[in-house]
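The values are calculated or read from the model by the stated rules, or taken from the named source; none is laboratory data. In this text the structure is predicted, and so the values were computed from the model without any measurement. Note that we place each Cβ from the backbone using ideal geometry, even for glycine, and neighbour counts take in every protein chain shown.
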Amino acid sequence: MNIRDESALRELNLYPLWVRRGTAAEVESVSTPLAPVVETYNANAAMVTTISKPAPSPTPNIDMPDVGALSWPQLKAQVKECTTCKLRAGCTQTVFGVGDEKADWLFVGEGPGADEDARGEPFVGQAGKLLDNMLAAIQLKRGNNVYIANIVKCRPPGNRTPESDEIAACLPYLRQQIALIRPKLIVALGKTAATSLLGRDATLGSLRGTLHDFNGTPLLVTFHPAYLLRSPAEKAKAWQDLCCARQKMLS
């Protein structure tokens, strides 16, 4: 394990590594931070075989942007100029998304915070640092086969949860991003991202542990990094989710 791996696992409260009791040969066989928990998470193997279909999204009472045929440059330009909902009037700039536009992995959060609003990039504050460590723990890196986006592109006032009409106004943009990226896996970070993409209200606990379907793309649900900063005891569960995501991608 290299220093970066150790740092990432310490951030997730998962260092020293979990190892099985057994022979020295078994312990020496652990060569990556994923290996020690694969057996632990195999108990939840149903997660990678159970598919739940999204419910149909309700029709919002707003003028939805027509983005279904837009290219990356066109989509970015339309998001930059969007005034469909009230969020645009109160933010510094739109936060489109960042990363590899042909990525296998797509991580979707809720919306920009103050740091993201200032810099125009998702997950750049403390929650972003934790997300980077979560990625490193499963041997991923921001921008390298990874794309990061949010449900809404503008910062809600006071970092409140986006309202239903605001989510509805922004979802067409995210859907087109997904269509252009064609990821192999979507990881929804937090309840807002999960319920918005799946089109139904549910608790985060009920959505974790199941492989969902988003228009033919597998979708896994885990905690939002900002929540993990407030509730560090849940980091072990987030690690389990990440291991399952990695297992799905390797299968």
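Look at Thr203 and say whether it is assigned by TED's automatic domain parsing to the domain that holds Val67, surrounded by fewer than 22 Cβ atoms within 10 Å (Cβ to Cβ) and modelled with pLDDT of 95 or more. The answer is yes for Thr203. Given the conditions (1) under 13 Å from the mean Cα position of the chain (by Cα); (2) under 18 Å from Thr84 (Cβ atoms); (3) without any contact (Cβ under 8 Å) to a residue 40 or more places away in the chain, and given that Glu163 satisfies all but one, which numbered condition is not satisfied? Going through (1) under 13 Å from the mean Cα position of the chain (by Cα); (2) under 18 Å from Thr84 (Cβ atoms); (3) without any contact (Cβ under 8 Å) to a residue 40 or more places away in the chain one by one, Glu163 breaks only (1). For region 117-157, the set of residues classified as in contact with a Lys or Arg (Cβ under 7 Å, 6 or more places away or on another chain) and surrounded by fewer than 24 Cβ atoms within 10 Å (Cβ to Cβ) consists of Asp117, Asp132, Leu135, Ala136, Ile138, listed by residue number. Scanning region 129-151 for residues that are in a helix (DSSP H, G or I) and under 10 Å from the mean Cα position of the chain (by Cα) yields a count of 1. Inclusion of Asn144 among residues that are modelled with pLDDT of 95 or more, in the same structural domain as Gln93 (by TED's automatic domain parsing) and more than 23 Å from Ile167 (Cα to Cα) is warranted.
If the condition is being charged (D, E, K, R) and either in contact with a helix residue (DSSP H, G or I) (Cβ under 8 Å, 6 or more places away or on another chain) or in a loop (DSSP other than H, G, I, E, B) (or both), then region 175-210 contributes Arg182, Lys184, Lys191, Arg200, Asp201, Arg208.
Take region 221-249 and flag every residue that is of a type in the set (A, V, I, L, M, F, W, C) and either in a helix (DSSP H, G or I) or at pLDDT below 95 (or both). Talk me through it step by step, then tell me what you get.
First, pick out the residues of region 221-249 that are of a type in the set (A, V, I, L, M, F, W, C): 221, 223, 226, 228-229, 233, 236, 238-239, 242-245, 249.
Selection gives Ala226, Leu228, Leu229, Ala233, Ala236, Ala238, Trp239, Leu242, Cys243, Cys244, Ala245, Met249.
Would it be correct to say that Arg182 is surrounded by fewer than 20 Cβ atoms within 10 Å (Cβ to Cβ), in contact with a strand residue (DSSP E or B) (Cβ under 9 Å, 6 or more places away or on another chain) and assigned by TED's automatic domain parsing to the domain that holds Gln74? Spelling it out, Arg182 is indeed surrounded by fewer than 20 Cβ atoms within 10 Å (Cβ to Cβ), in contact with a strand residue (DSSP E or B) (Cβ under 9 Å, 6 or more places away or on another chain) and assigned by TED's automatic domain parsing to the domain that holds Gln74. For region 77-114, enumerate the residues that are outside any loop (DSSP other than H, G, I, E, B) and surrounded by fewer than 16 Cβ atoms within 10 Å (Cβ to Cβ). The answer is Ala77, Lys80, Lys86, Ala89, Gly90, Ala114. Every condition in (1) within 28 Å of Lys86 (Cβ to Cβ); (2) part of a strand (DSSP E or B); (3) over 13 Å from the mean Cα position of the chain (by Cα) holds for Asp213 except the one numbered (1).
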